[in-house]
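The values are calculated or read from the model by the stated rules, or taken from the named source; none is laboratory data. Remember, predicted model here, so these are calculated numbers, not experimental data. Don't worry about glycine lacking a Cβ; one is built from the backbone with ideal geometry, like all the others, and counts go over all protein chains shown.
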Amino acid sequence: MSRNLTIKLSVVVFLILMFAYFVYPTIQFQFLMSKEDRARLQIEDPQKYNRLLDRSIRLGLDLQGGMHVVMEVDVKELLRSLAKNKDDRFDEALEYAAKVSQLGEEDFITAFAEKLESLGADLARYYGSRRLRDRNEILDYLREQTEEAVNRSLEILRNRVDQFGVAEPTIQKQGSHRIIIELAGITDPERVRRLLGETALLEFRLLKEPEIVVNVAKRINDYLRGKAEEADTTAENQQETPADTSEISAEELFGQAGGDTAAEDTAAVTEEEALFRENLFLLHPQNRYVLLVAKQNEARLRKVLQDPEIQRIVEEEAGDAELLIGKPDPRFPYIEVYLVNKDPELTGETIVDARQQISSDIGVAGQFEVSLTFNSEGARIFSRVTGANIGKPLAIILDRRVQSAPVIQAKIRDGRARITGLGSLEEAQDLAIVLRAGALPAPLQLLEERTVGPSLGKDSIEKGTYSALLGLLLVALFMVVYYKFSGVIADIALILNIVIILGIMSVFHATLTLPGIAGIILTIGMAVDANVLIFERIREELDKGKTVLASLEEGYSRALSAIIDANITTLIAAIVLYNFGTGPIKGFALTLMIGILGSMVTAIFVTRTIFEVLIAKRVIKRLSI
């Protein structure tokens, strides 16, 4: 055997051993070990478990179960938050742009700008500044802010998922505003949904004084009562009574706590009457900073808070303030409502750490809470705020809901705070995660969600494996029947090609999906195409009376150009699918690309080397083809 042939044989043996070494961890971890064995190994020997996990092929969520989520950055709310001014035309343009962009007819920002112009409004009125005066400059600014919001959301979601502990998550952009998230092995979809959807905007705001709170409640109740009278009385009783801003007693406000009794007393009452008929806000008997609303009036409360007239009353009585709803307590029959300053004293941007813990304070001992640590700037601001407002409550607000409003007892110098009263360890853990990862720059909307159960994933693995083995068996059988001993050599190359595919996927920590298995099955059929071309050429040369070695040389050389052309065109299609496809399409394209490259190596190089070795060793004198 010549030196050149020895080198070629050594390369073939090396390829077989190398890729078999790469594939073995996958076979051991995914097929030879049961789910119980893997769980036991993770507890008893976590280092070995992690080593096997890192070296094995990942299974996609369609094979092991999990969640596929598509989320979209709420551009409407982002543009609203960026605007310096707002009016009816602004709101109308936003609603129009949302509808148009949802139908895919036009870009959101372009549609928004064009609608504003058609309404006779100028972009500069809402977004103009010394730097932004020209229409195109403002449009570029809005697009930059939108793109930055998507990129920041992508990074924040990735941080949240990483801290949640999901192995090998897939998080990527789709289009300009959407984000695709694939989380394999998830067993609690509701918790993940909550973790991804929270904006996590943390704010610390001071509450307004009790006298102001009482005046606001009195005026709102008077306004609502006047609306009710206007809805069901004669024209003489429709005259508006001037607002009385004098202080009222708790008894007066508590006098009609049954907020929906009028609706219960008559079947003829209208929805508008039910909304305005009774006192909505009640004074808290133990905390004059807090208003109470009966839980059965929650829908009514939310509608009232959106009323521009209510917002005007709050502005007249309390200045730059707003009413926010508190965190619900299932044991308390009322909703707590807080009158807080609009401008926060401190935000979550200065948080450097957030940890869940169990409280040891008297009265809340044993309850879960989250401990916050601020950076130097946050600690300085927090120290100043607490020092200047001793004896006053400071509201801790998360995503515009008041979590708690503890009274400041002393100046806090160490840059630490706590969010208390959390219902469970999971709630505390999730809150700590989102606070550490940071607040989303804009709300995210859930557009699509698919959940695959573990049993369905197991069924997919079994069916996919069965399909691949059946396809391999049928192709191998055909090659043996039609090409005899040469078909056996082609089958050896075919098996090696599958080992190469799995080996490369293991090396690069690729994820195997159900479409990926389909790509492997397709590759099995394509892998023998090259050998079919070669064997037919060899047959033609043998029919001409040439020797076995000469026929091999001529057959491989004549078929080479056709094999390369066919595989390159398919490879180009696979590359396009991989670059422009998402999720399942990428999985299919990946295995197809690897399979095409592997089949060219095995069909052209490996099979020829085997033939040449057998001829050189005089194992075959007459070619069985």
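General remarks:
- Condition check for residue 288: of a type in the set (Lys, Arg), farther than 24 Å from residue 406 by Cα and at pLDDT 90 or above: no
- Test: residue 346 is more than 25 Å from residue 430 (Cβ to Cβ), of a type in the set (A, V, I, L, M) and either in contact with a helix residue (DSSP H, G or I) (Cβ under 6 Å, 6 or more places away or on another chain) or surrounded by 13 or more Cβ atoms within 10 Å (Cβ to Cβ) (or both): no
- Residue 489 under 14 Å from residue 625 (Cα atoms) and of a type outside the set (Phe, Trp, Tyr): yes
- When region 564-608 is filtered for residues that are part of a helix (DSSP H, G or I), β-branched (Val, Ile, Thr) and surrounded by fewer than 20 Cβ atoms within 10 Å (Cβ to Cβ), the ones remaining, listed by number, are 564, 568, 569, 570, 572, 575, 576, 585, 601.
- Residue 58 vs. criteria crowded, with 19+ Cβ neighbours inside 10 Å and either basic (Lys, Arg) or closer than 30 Å to residue 518 by Cβ (or both): yes
- The residue pairs whose first member lies in region 44-55 and is closer than 19 Å to residue 511 by Cβ, whose second member is of a type in the set (Phe, Trp, Tyr) and assigned to a helix (DSSP H, G or I), and whose beta carbons are closer than 6 Å, counting only pairs six or more residues apart or on different chains, are 52/29.
- Every listed requirement among (1) within 30 Å of the chain's Cα centre (by Cα); (2) in a helix (DSSP H, G or I) is met by residue 495 save one, (1).
- The residue that is nearest to residue 586 (Cα to Cα), among those in region 24-49 that are exposed (fewer than 13 other Cβ atoms within 10 Å of the Cβ) and of a type in the set (S, T, N, Q), is 34.
- Given (1) surrounded by fewer than 16 Cβ atoms within 10 Å (Cβ to Cβ); (2) part of a helix (DSSP H, G or I); (3) in contact (Cβ under 8 Å) with a residue 40 or more places away in the chain, number of the condition residue 459 does not satisfy: (3)
- Matching entry among 180, 212 (being β-branched (Val, Ile, Thr), in contact with a strand residue (DSSP E or B) (Cβ under 9 Å, 6 or more places away or on another chain), more than 30 Å from residue 407 (Cα to Cα) and surrounded by fewer than 21 Cβ atoms within 10 Å (Cβ to Cβ)): 180
- Taking region 569-625 as the range and being hydroxyl-bearing (Ser, Thr, Tyr), within 27 Å of residue 535 (Cα to Cα) and within 41 Å of the chain's Cα centre (by Cα) as the test, the residues that pass are 569, 570, 591, 599, 602.
- Of the helices (runs of 4 or more DSSP H) entirely within region 1-111, those holding at least 3 residues that are modelled with pLDDT of 90 or more occupy 3-26, 75-82, 88-102.
Conditions (1) closer than 15 Å to residue 412 by Cβ; (2) modelled with pLDDT of 90 or more, marked per residue:
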| site | (1), (2) |
| --- | --- |
| 326 | no, yes |
| 331 | no, no |
| 335 | no, yes |
| 338 | no, yes |
| 341 | no, yes |
| 347 | no, yes |
| 364 | no, no |
| 373 | yes, yes |
| 379 | yes, yes |
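- Condition met for residue 451 (within 30 Å of residue 178 (Cα to Cα), β-branched (Val, Ile, Thr) and in contact with a strand residue (DSSP E or B) (Cβ under 6 Å, 6 or more places away or on another chain)): yes
- Of all the numbered requirements in (1) assigned to a helix (DSSP H, G or I); (2) at pLDDT 85 or above; (3) among the aliphatic types (A, V, I, L, M); (4) surrounded by fewer than 21 Cβ atoms within 10 Å (Cβ to Cβ), residue 412 misses one, and that requirement is (1).
- Output for region 136-150, where each listed residue is free of Cβ contacts under 8 Å to residues at least 24 places away in the same chain and loosely packed, with under 14 Cβ neighbours inside 10 Å: 136, 140, 144
- Of all residues making up region 359-384, the number that are of a type outside the set (D, E, K, R), under 21 Å from residue 421 (Cβ atoms) and surrounded by 13 or more Cβ atoms within 10 Å (Cβ to Cβ): 10
- Residue in region 415-424 that is crowded, with 16+ Cβ neighbours inside 10 Å, at pLDDT 90 or above and either among the aromatic types (Phe, Trp, Tyr) or over 33 Å from the mean Cα position of the chain (by Cα) (or both) present: no
- Residue satisfying all of: in region 530-557; without any contact (Cβ under 8 Å) to a residue 60 or more places away in the chain and within 24 Å of residue 496 (Cβ to Cβ); surrounded by the most Cβ atoms within 10 Å (Cβ to Cβ) among these: 555
- Only a single criterion out of (1) free of Cβ contacts under 8 Å to residues at least 24 places away in the same chain; (2) assigned to a helix (DSSP H, G or I); (3) touching a helix residue (DSSP H, G or I) at 6+ places or on another chain (Cβ under 6 Å) is not satisfied by residue 162, namely (3).
- Applying the set (1) farther than 30 Å from residue 183 by Cβ; (2) aliphatic (A, V, I, L, M); (3) modelled with pLDDT of 90 or more to residue 504 leaves exactly one unmet item: (1).
- Residues that are closer than 18 Å to residue 63 by Cα and not small (Gly, Ala, Ser) were ranked within region 582-602; the one that is modelled with the lowest pLDDT is 582.
- The set of residues in region 325-341 that are in a loop (DSSP other than H, G, I, E, B) and either crowded, with 21+ Cβ neighbours inside 10 Å or under 32 Å from the mean Cα position of the chain (by Cα) (or both) comprises 327, 328, 329, 330.
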